[in-house]
Amino acid sequence: MDLRKFEEGVRMTASKKITVKDFQTMKEEGEKITMISAYTYPIAKIIDEIGIESILVGDSLGMTILGYENTLEVTMEDSIRHSQAVARGTNRALVIGDLPFLSYGIDDHETVRNAGRLIKEGRCEAVKLEGGRERKEEIQEIKAIGIPVLGHIGLTPTYINELGGYKVQGKSTKAEERLVEDAKILEEAGVFGLVIESVPWKLAKKISENLTIPTIGIGAGQYCDGQVLVIDDLIGLTSDLKPKFVKQFANVGSIIADAVKEYLEEVKSNKYPSEEHRYGN
Ligand code: KIV
């Protein structure tokens with residue numbers, strides 16, 4: 001791709017707010033959709049200014065920001081608080097809030113209320129929830145009050161105890177068929193897009209070709225209509241387990257460590273603060 005043309009394109013469209021309609025147009029025109037999971041104001045500002053089309057305030061924030069073992073402890077309050085921060089830092093990207101574990105799946109009214117809270121209090125423009133056919137009615141109910149819904153199938157981290165670990169999904173013929181069916185059911189229920197996580201690339205390709213709505217892949221190969229990565233993985237802030245699909249585009253963790261080390265050494269050796277960093281004559 002011609003980088004200059006690409007940069008011009010980003011500048012020209014920089015002020016136009018991205019909506020779920022643009023996702024559909026991008027699928028139809030064969031333009032890849034970019035999405036990043038991010039949770040804070042300053043990072044959202046950078047991502048938005050670069051021209052990424054969408055920020056997902058993922059429940060992965062439980063691990064990346066709050067240090068939880070998995071996503072199960074994340075609350076509506078966590079999701080709302082971080083969605084607000086991201087929304088404040090975003091002008092153009094579509095902001096998608098993530099419904100955390102137990103905010104759906106119990107009672108449809110409660111699900112709709114929680115989805116509504118992410119829009120009203122969290123200032124999101126769409127919501128995401130995990131699961132296949134079992135989410136059909138809830139998705140229809142959320143959509144009925146005007147909230148766009150992003151589906152999420154494959155490796156769904158809130159099902160971690162059921163799945164028995166962060167494993168690639170859809171490997172058997174039966175599991176593959178079920179995921180293809182789930183994707184179709186979710187499309188018919190009205191999701192505007194579908195995250196497909198950790199499945200073999202051929203299966204993700206098949207699902208993507210079988211749907212009219214865009215698929216957003218993570219660990220699902222290059223034939224999805226878009227891609228999503230967690231910002232901490234992308235910039236090298238996560239030191240724990242690194243799944244095969246993660247490409248680390250920078251090593252910010254080591255830049256931070258070097259800066260903190262230098263600060264420590266300079267304070268200990270009385271080098272910082274120097275005259276230029278103090279007040280008075
Ligand atoms: O929570 C999250 O960040 C996600 C993405 C990885 C899709 O669900």
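Remark on D98: its backbone amide H falls under 5 Å from those of V57, K128, a criterion applied only to residues 5 or more positions apart or on other chains, H modelled at 1.01 Å from N. For the set K21/K128; K16/K143; K27/K184; K174/K202; K167/K244; K27/K205, the pairs lying more than 21 angstrom apart at their alpha carbons are K16/K143.
Normalising by the residue count of the range 18-81, find the relative contact order in percent from Cα pairs under 8 Å and 6+ residues apart. Here the relative contact order equals 25 percent. Of all aspartates and glutamates in the structure, those lying under 16 Å Cα to Cα from K120, and not within fewer than 8 positions of it along the same chain, are E77, D78, D98, E110. The relative contact order of the range 3-251, computed from alpha carbon pairs under 8 Å that lie at least 6 residues apart in sequence, is 17 percent. Size estimate for the chain follows the Kirkwood approach: the inverse of mean 1/r over distinct Cα pairs works out to 19.9 Å.
Rounded to the nearest 20, the Cβ-based charge dipole of the range 3-251 about its Cα centre (Lys and Arg +1, Asp and Glu -1) stands at 740 debye. Rounded to 0.05, the FRET efficiency of the N161 and L102 pair, given R0 = 22 Å and the Cβ-Cβ distance, is 0.95.
Straight-line reach from K261: which lysines have a Cα under 16 Å away, not including same-chain ones fewer than 8 places off? Once the sequence-local lysines are set aside, what remains near K261 is K271. Relative to the Cα centre, the charge distribution of the range 174-262, modelled as +1 at Lys and Arg Cβ and -1 at Asp and Glu Cβ, gives a dipole magnitude of about 300 debye. Taking the dipole about the Cα centre of the chain, with the C-beta of Lys and Arg at +1 and of Asp and Glu at -1, give me whichever of Y263, V168, V228 is farthest to the positive side. Value: V228.
Subtracting the Cα-Cα distance of W201 and K271 from their residue separation scaled by 0.36 nm leaves 19.8 nm. Rounded to 0.05, the FRET efficiency of the I65 and K21 pair, given R0 = 22 Å and the Cβ-Cβ distance, is 0.10.
Values quoted throughout were computed directly from the atomic coordinates according to the rules given, and no laboratory measurement underlies them. Only a predicted model underlies this, so the values are computations on that prediction, with no experimental measurement involved. Cβ sites come from the backbone with ideal geometry, for glycine too, and all protein chains shown count toward neighbours.
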